[in-house]
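Quick notes on the structure that follows.
The values are calculated or read from the model by the stated rules, or taken from the named source; none is laboratory data. What you are looking at is a predicted structure, and each value in this text was computed from that prediction instead of being measured. We place every Cβ from the backbone using ideal geometry, glycine too, and count neighbours over all the protein chains shown.
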There are 2 protein chains.
Amino acid sequence: MELSRIGEFGLIDRLQKLLPAFGQPVVVGPGDDAAAVRPAAGTLTLLTADVLVEHVHFDRGIHDYEDIGWRAMAANISDIAAMGGRPGHALVSICLPDDVTVEQVEEIYRGMAGVAGECGCDIIGGDTVASPRDLVVSVALTGEVAEEHMVTRKGARVGDRIAVTGQLGGSQAGLAMLRLLHEKTLDTGALPPAERWDRIRRRHLRPHPRLRAAQELVRTGCVHSMIDVSDGLAGDLKHITDRSGVGAQIEREKIPIDDQTRWAAEYLGTTALALALSGGEDFELLFTVAADAAPGVLDQAARKAGLNVTLIGRVQPRKQGLTILGPSGEEKPLIIGGFNHFSG
Amino acid sequence: MELSRIGEFGLIDRLQKLLPAFGQPVVVGPGDDAAAVRPAAGTLTLLTADVLVEHVHFDRGIHDYEDIGWRAMAANISDIAAMGGRPGHALVSICLPDDVTVEQVEEIYRGMAGVAGECGCDIIGGDTVASPRDLVVSVALTGEVAEEHMVTRKGARVGDRIAVTGQLGGSQAGLAMLRLLHEKTLDTGALPPAERWDRIRRRHLRPHPRLRAAQELVRTGCVHSMIDVSDGLAGDLKHITDRSGVGAQIEREKIPIDDQTRWAAEYLGTTALALALSGGEDFELLFTVAADAAPGVLDQAARKAGLNVTLIGRVQPRKQGLTILGPSGEEKPLIIGGFNHFSG
């Protein structure tokens with residue numbers, strides 16, 4: 001159905017029906033000048049925003065509408081998780097070109113509501129407007145965190161171990177495979193069977209914010225700094241070291257990379273290391289922990305969350321810079337790649 | 001300077017320098033995965049979002065960059081004011097085409113910071129991304145309100161008087177004059193002197209949210225429902241009556257319209273009434289008050305805020321619908337015009 005058939009307010013009514021009933025803290029839901037929520041006593045309110053723009057963050061030929069919604073919400077939830085918080089309430093602003101149908105907007109919402117529901121947060125407002133050309137999905141999300149559990153990018157200390165959840169590079173590998181398929185640079189018949197890259201495809205299209213792992217990790221009390229991997233391991237490690245005023249050394253052989261990513265790297269003519277360092281959007285957690293933290297503590301937290309945690313390096317004094325250690329002990333400066341908007 | 005010269009993170013650094021120092025409730029400012037603020041004890045948190053899209057909400061030929069920033073922030077603050085709240089913390093997501101310079105992005109921020117500073121709120125985070133074609137400015141804003149002072153669209157009661165602050169139609173009249181100038185459909189020499197339309201021009205380009213008036217009004221305790229006029233008097237009155245399950249009658253002759261708007265209506269070949277009913281973006285407050293409220297109470301609140309308040313009608317039972325009373329007592333259905341995204 002064309003958007004013009006039901007208009008702005010008809011669309012808003014339909015979208016509101018897709019939203020589940022709200023929890024008790026929501027005093028005023030969508031449909032007023034603003035939503036109103038009751039903040040939990042004794043917690044800090046976290047605030048984050050991420051915007052996805054067509055042709056920059058997604059392409060409608062590669063990502064379906066539900067993927068676009070899922071990814072927009074997941075990126076925000078991941079930011080709240082990386083502070084040690086739980087997501088609360090989302091505001092969703094969508095700019096819609098006139099070739100988007102009512103059903104497609106509903107799919108975007110279904111994708112957002114899918115990951116929001118999984119992570120226990122509500123969509124309680126936003127804005128729905130026309131766009132002359134490109135589809136834009138802008139999400140702002142609140143969260144809450146007990147002050148003593150909050151972890152920022154700033155707390156890394158010299159001597160800390162550097163750790164990461166899950167595996168890296170998969171999202172970028174999945175995207176590159178999807179692009180290849182979309183651009184049909186190969187006959188479809190020549191593409192490898194789905195089972196060679198189904199997991200990395202899904203890693204890209206439907207990332208799962210590491211909310212539970214983050215909660216378990218901050219409860220150990222030994223996490224000093226944390227970030228979610230959205231710009232690639234190298235770029236995000238630099239965010240931590242810049243904010244903390246330290247340097248870092250990571251060990252190349254310890255970076256966790258799964259088999260499908262390794263396979264795809266070869267297939268795509270790149271290296272798995274490049275995908276992990278510069279790929280981004282893995283939404284794993286990169287964090288530093290006290291050097292004297294009991295080795296079992298992290299494993300236990302990871303096990304509770306059903307994820308691996310891998311120690312990949314250590315924090316060093318700022319003057320030693322950001323370096324990567326090769327398998328035979330050679331140390332090189334870490335090149336910061338990753339996506340940079342407007343990058344020249 | 002081109003954005004590509006300093007890149008995404010260089011731009012973020014420069015923008016952060018434009019932001020004033022934060023108040024005590026900000027625990028983590030921009031530059032982390034999320035910002036963190038300490039909610040005021042005993043208040044509700046308000047949440048609102050508005051997005052402005054080039055060619056839909058503004059045109060770079062008509063609006064300068066500072067106007068665009070001002071208007072984006074003002075629209076959000078106005079929503080918080082209309083709930084009876086005070087604005088708190090803003091997240092700003094900007095999608096930038098590559099013809100926008102660093103200095104122009106700074107102007108957008110200066111505009112936002114201008115009205116934010118005037119209204120006592122801070123910009124504490126957001127997202128800055130590339131856009132293939134159109135400039136998009138998406139703002140999400142928190143606010144706080146004591147629960148007993150919160151006023152929604154929902155509380156209008158049969159018998160309430162309907163009132164509005166300031167004057168209506170000026171923003172739309174100012175925009176139409178700006179468009180005329182921009183399109184050069186007339187020789188510039190033939191355009192009327194600036195003093196005939198300088199105030200409505202400014203009404204459009206630099207709207208001032210009625211924050212102080214809203215605060216004074218909710219403190220009287222007799223305001224039952226409230227909305228800010230963003231879709232035009234008729235459309236916004238309908239939002240109140242729909243949500244409250246009531247009807248309303250307004251008196252045509254009582255709608256407050258200033259001289260420049262009346263003059264511009266004639267000049268533009270329309271009526272001042274049409275501008276007031278359907279023009280929108282006046283960001284005045286439309287509200288209903290208890291019929292037995294002492295007449296002096298509203299005047300006193302208005303005087304404190306330096307604004308006029310005009311009684312323009314009354315709330316009637318739903319079955320009597322939305323009507324407008326002419327000068328000789330004739331009653332007609334109120335036509336809902338106003339801007340509707342995707343409207344067919």
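Are there strands (runs of 3 or more DSSP E) fully within region A:1-57 with at least 1 residues that are facing another protein chain (nearest Cβ under 9 Å) and under 27 Å from the mean Cα position of the chain (by Cα)? List them. I'd like the intermediate steps shown before the answer.
Values: elements: A:26-28, A:35-37, A:43-53.
Qualifying strands (runs of 3 or more DSSP E): A:35-37, A:43-53.
Can you name every residue in region B:58-83 that is surrounded by 24 or more Cβ atoms within 10 Å (Cβ to Cβ) and not in a helix (DSSP H, G or I)?
Passing the criteria: only B:M83.
Rundown of residues vs (1) away from every other protein chain (no Cβ under 11 Å); (2) not small (G, A, S), yes/no style:
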| residue | (1), (2) |
| --- | --- |
| A:D79 | no, yes |
| A:V92 | no, yes |
| A:A113 | yes, no |
| A:C119 | yes, yes |
| A:I124 | no, yes |
| A:G143 | no, no |
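Checking the structure you have, find out if any residue of region B:170-179 is surrounded by 24 or more Cβ atoms within 10 Å (Cβ to Cβ), within 14 Å of chain A (Cβ to nearest Cβ) and hydrophobic (A, V, I, L, M, F, W, C).
Looking for residues that are surrounded by 24 or more Cβ atoms within 10 Å (Cβ to Cβ), within 14 Å of chain A (Cβ to nearest Cβ) and hydrophobic (A, V, I, L, M, F, W, C), one finds none in region B:170-179, hence no.
Going through region B:162-187 one residue at a time, which ones are modelled with pLDDT of 95 or more and either farther than 20 Å from B:G232 by Cβ or part of a loop (DSSP other than H, G, I, E, B) (or both)?
Correct list: B:G166, B:Q167, B:L168, B:G169.
Could you look through region B:126-140, keep only residues that are touching a Lys or Arg at 6+ places or on another chain (Cβ under 9 Å), of a type outside the set (D, E, K, R) and assigned to a loop (DSSP other than H, G, I, E, B), and pick out the one that is nearest to the other protein chains (Cβ to nearest Cβ)?
Residue satisfying both the conditions and the ranking: B:P132.
Only one of (1) in contact with a helix residue (DSSP H, G or I) (Cβ under 7 Å, 6 or more places away or on another chain); (2) modelled with pLDDT of 95 or more is not met by A:A302, so which one is it?
With (1) in contact with a helix residue (DSSP H, G or I) (Cβ under 7 Å, 6 or more places away or on another chain); (2) modelled with pLDDT of 95 or more applied to A:A302, the lone miss is (2).
Test B:A156 against the criterion of being buried (at least 20 other Cβ atoms within 10 Å of the Cβ) and either away from chain A (no Cβ under 14 Å) or part of a helix (DSSP H, G or I) (or both), and give yes or no.
No, not satisfied.
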